[in-house]
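Structure record follows, encoded as structure tokens.
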Amino acid sequence: MNCDVCKQNQATVFLTQIVDGKMQKVNLCESCSKEKGVTDPTGFALADLLLGLGAAQEMERGGSVQKCAVCGFSQADFKKTGRLGCGACYETFADGLASLLKGMHKGTAHVGKIPARALRSLERETQMKTLQRDLRKAVAEEDYESAAQIRDRLKQVEPG
Amino acid sequence: MAIHNILTNTGEWMRGEGPHHQIVVSSRVRLARNLRSFSFPGWAKKTERLQILEAIKPQVEALPEMGEAFSVYSQDLSALEKQVLVERHLISREHAAKGVGSAVVMNKRQTLSIMINEEDHLRMQGIRSGLQLKSVFKMIDKVDSALEERLDFAFSPQLGYLTACPTNVGTGMRASAMVHLPALVMSEQINQVIQAVNKIGLAVRGLYGEGTEALGNFFQVSNQTTLGEKEEDIIARLHKVIEQIIEHEQNARQMLLQKRPNTLLDHIGRGYGILQHAYSMNSKEALNLLSFMKLGIDLGFFPEECCRPVDELFMETQPAHLQKGTAQKLAADERDSLRAEIIRAKLVAFPKPSVGASRSDRDAGSGSEN
């Protein structure tokens, strides 16, 4: 049996991991097992290795975009490494990633920590959207006094 | 601080003083973060990686937690020094393979270690002895909040923190505890425990041989998913599960003492005998025998002072720790002899296991006695 990673050497390390009742098996050769750190029972690499390899196969089936416009990373690269190129890849390959993330995680939306910086810009965005809507409404109703006030507030909220 | 100080002093977590330290060796929490508008380290070209490194490293060094820090570029560490850091869980195996463009910064107590340009731009890890997941998370969360004020992290409102591997996206957090479960292994209950833990979406790992026998009876329990659940909830769930595992292990120990005392004593006695008299020992055998010694100490067959030396041996008999004092690289058989020598020296003053009175009979805190 050959190694699942390099596909060349004879596999001598056989790993089994059970997550959520799903059993996954990986066969590795001596050098790949060392490199991936699987002989270290405390290492995190194994799960990433298992899921990363599986993930890339899934990707192949979904999604039509071939290359990330920001960093030039391609689906073929993902298949090879199980890792993405940059943050924008998550948008570029959103179609293919959606089902993959669904199978991999507990949910599909982040509910944890939000960095203060992102929180501030998020709040600003929501505020701006509300004000813009109010402005359109005021203009449509020909309430120009309110419209002028809303425009002033929009100017304060807008960045820069 | 120089690497010398780090190598000669063991970190706080290896001293085994945390709550439930007899069964829970250590608690770890790591966060993965990336800078917006840069490629992830695995895809970035060398010049970009250096740019990222120089943007992050000064900010990490400026953290109040890093007052007396050890900060070093990857290329300035020797292969052996890196290996020592891997064995102490202060850097990952993957990080040890990095050269120019990566760095690691750790505090003096070796409870906080921040890798720059590992798989993600930032991998921040907190580690403490015993079951302390909540306080470790608090520590690492504070570090993260301080850094995000100065660094613009890649974050999407929908997907959370964006990471190189989709398995980490969301919280970017992996929390884990390393547990020592010899009695559950001996009483063949470990499979049931692993299956139960798996059912609720947590992973249990070890290097499996035949069946589910893990090296030295050490297992790592960690969260598997990072998207769709709050950090605090993940930590709380893991904490609760670990507490239950501790209880199962303690019950299994009491059962063995009552129902199969000879099997138990045989394992401990053989461990003691072989460790004290062997002249060649590979690391797998050492781990397995030391595991029985640790169990013997926990159960009161050896005086409590024996605990520290045995805990130290788990680390000191690892290949890189073994060689850090020697002038040149050792061959495998030379390592095995040196390992046996170190163990013999440390155990020379250990008394024979006192079979008559086990501490658990006297110590009300350690389990159920009827």
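The values are calculated or read from the model by the stated rules, or taken from the named source; none is laboratory data. Note that this is a predicted model, so its numbers are computed, not measured. Positions of Cβ are generated from backbone atoms using ideal geometry, with glycine treated the same way; all protein chains shown enter the neighbour counts.
Yes or no, residue by residue, for (1) assigned to a loop (DSSP other than H, G, I, E, B); (2) farther than 22 Å from B:Thr171 by Cα; (3) free of Cβ contacts under 8 Å to residues at least 60 places away in the same chain:
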position	(1), (2), (3)
B:Val84	no, yes, no
B:Leu90	yes, no, no
B:Met115	no, no, yes
B:Ile127	no, no, no
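Is it the case that the stretch B:217-225 has a residue that's within 26 Å of B:Pro19 (Cβ to Cβ) and assigned to a helix (DSSP H, G or I)?
Checked against the condition, which is being within 26 Å of B:Pro19 (Cβ to Cβ) and assigned to a helix (DSSP H, G or I), the stretch B:217-225 yields at least one hit.
So if I check each of B:His248, B:His239, which one is farther than 18 Å from B:Leu299 by Cβ and more than 11 Å from chain A (Cβ to nearest Cβ)?
B:His239
What's the total number of residues in the stretch A:90-108 that are closer than 12 Å to A:Gln75 by Cβ and aromatic (Phe, Trp, Tyr)?
1
Go through the stretch A:70-92 and report how many residues are modelled with pLDDT of 90 or more, assigned to a loop (DSSP other than H, G, I, E, B) and touching a helix residue (DSSP H, G or I) at 6+ places or on another chain (Cβ under 9 Å).
6
If you scan the stretch B:16-55, which residues turn out to be of a type in the set (S, T, N, Q) and away from every other protein chain (no Cβ under 13 Å)? Explain how you work it out, then say what you get.
Kept after step one, since they are of a type in the set (S, T, N, Q), are these residues of the stretch B:16-55: B:22, B:26-27, B:34, B:37, B:39, B:47, B:51.
Listed by number, the residues that qualify are B:Gln22, B:Thr47, B:Gln51.
Looking at A:Leu97, is it at pLDDT below 90 and at the interface with chain B (Cβ under 9 Å from one of its Cβ atoms)?
When the stated conditions are applied, A:Leu97 passes them.
Does A:Arg133 meet the test of being surrounded by fewer than 12 Cβ atoms within 10 Å (Cβ to Cβ) and out of contact with any Cys (no Cβ under 7 Å at 6 or more places or on another chain)?
yes
I need the full set of residues from the stretch B:92-107 which are under 25 Å from B:Asp311 (Cα atoms), within 10 Å of chain A (Cβ to nearest Cβ) and not in a loop (DSSP other than H, G, I, E, B), in order please. Steps first, answer last, please.
Step one: filter the stretch B:92-107 for residues under 25 Å from B:Asp311 (Cα atoms), giving B:92-93, B:96, B:106-107.
Narrowing further to those that are within 10 Å of chain A (Cβ to nearest Cβ): B:92-93, B:96.
Residues satisfying the conditions are B:Arg93, B:Ala96.
With respect to the numbered conditions (1) at pLDDT below 85; (2) in contact with a helix residue (DSSP H, G or I) (Cβ under 9 Å, 6 or more places away or on another chain); (3) on the phi < 0 side of the Ramachandran plot, which one is the sole condition not fulfilled by A:Glu123?
(2)
Quick one: in the stretch B:161-196, which of the residues that are facing chain A (nearest Cβ under 7 Å) and in a strand (DSSP E or B) is surrounded by the most Cβ atoms within 10 Å (Cβ to Cβ)?
Looking at the filtered set, the residue picked out is B:Gly170.
Just need a number here: residues in the stretch B:226-250 that are without any contact (Cβ under 8 Å) to a residue 40 or more places away in the chain and crowded, with 18+ Cβ neighbours inside 10 Å.
Adding up the residues that qualify gives 0.
Give the residues of the stretch B:138-153 that are touching a Ser or Thr at 6+ places or on another chain (Cβ under 9 Å) and either part of a strand (DSSP E or B) or under 19 Å from B:Gly11 (Cβ atoms) (or both), sorted by residue number.
The answer is B:Met139, and nothing else.
Quick check on this structure: which one of B:Lys230, B:Lys284, B:Lys294 is in contact with a helix residue (DSSP H, G or I) (Cβ under 7 Å, 6 or more places away or on another chain) and within 14 Å of chain A (Cβ to nearest Cβ)?
B:Lys284
Filter the stretch A:126-152 for residues that are hydroxyl-bearing (Ser, Thr, Tyr) and under 35 Å from the mean Cα position of the chain (by Cα); which is modelled with the highest pLDDT? Please lay out each step first, then the result.
We begin by selecting, within the stretch A:126-152, every residue hydroxyl-bearing (Ser, Thr, Tyr); these are A:126, A:130, A:144, A:146.
With under 35 Å from the mean Cα position of the chain (by Cα) added as a condition, the list becomes A:126, A:130.
Details: A:Thr126: 86, A:Thr130: 90.
My answer is A:Thr130.
Out of the residues in the stretch A:103-130 that are among the basic types (Lys, Arg) and within 30 Å of A:Leu154 (Cβ to Cβ), which is surrounded by the fewest Cβ atoms within 10 Å (Cβ to Cβ)? Before you say what the answer is, go through the steps one by one.
Quick first cut of the stretch A:103-130, residues among the basic types (Lys, Arg) only: A:106, A:113, A:117, A:120, A:124, A:129.
Next, from what is left, pick out any that are within 30 Å of A:Leu154 (Cβ to Cβ): A:113, A:117, A:120, A:124, A:129.
On the way: A:Lys113: 23, A:Arg117: 16, A:Arg120: 12, A:Arg124: 13, A:Lys129: 10.
Filtering first and then ranking leaves A:Lys129.
Exactly one condition in (1) assigned to a helix (DSSP H, G or I); (2) touching a helix residue (DSSP H, G or I) at 6+ places or on another chain (Cβ under 9 Å); (3) not aromatic (Phe, Trp, Tyr) is not met by B:Gly42; state its number.
So the condition that B:Gly42 fails would be (1).
Look at the stretch B:61-89 and say how many of its residues are of a type outside the set (D, E, K, R), more than 12 Å from chain A (Cβ to nearest Cβ) and surrounded by 14 or more Cβ atoms within 10 Å (Cβ to Cβ).
Final tally of qualifying residues: 12.
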